[in-house]
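Everything below concerns the one structure shown next.
Values quoted throughout were computed directly from the atomic coordinates according to the rules given, and no laboratory measurement underlies them. What you see is a predicted model, and the numbers here were worked out from it, not measured in a lab. All Cβ positions, even for glycine, are placed from backbone atoms using ideal geometry, and neighbour counts span all protein chains on display.
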């Protein structure tokens, strides 16, 4: 297939599926990298009363990222 040929319906769907998969994976990796950075920047608080608060917030955010990514993948695979 050349760049001047129009996409068929199945090629468009397959391309869209690949893009959606890449987008979900990249978003999840980026969110986890941000959470890793957040965890690293709050290490100073580990032995303070704020330590458990930061840890709980980070754990909750990681669960949200995981759940959101799984939901997106489930919806994408059903489409």
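Report, to the nearest 10°, how far helix 51-78 tilts away from the longest principal axis of the Cα atoms in the chain, using its own Cα long axis and a range of 0 to 90°.
Here the helix axis deviates by roughly 10 degrees.
Starting from the 7 Å offset along Cα-to-Cβ, what nm value, one decimal, do you get for the label separation of residue 57 and residue 26?
2.9 nm
I want to check the label-to-label distance for residue 36 and residue 10. Put each point 7 Å from Cα in the C-beta direction and report it in nm to one decimal.
3.9 nm
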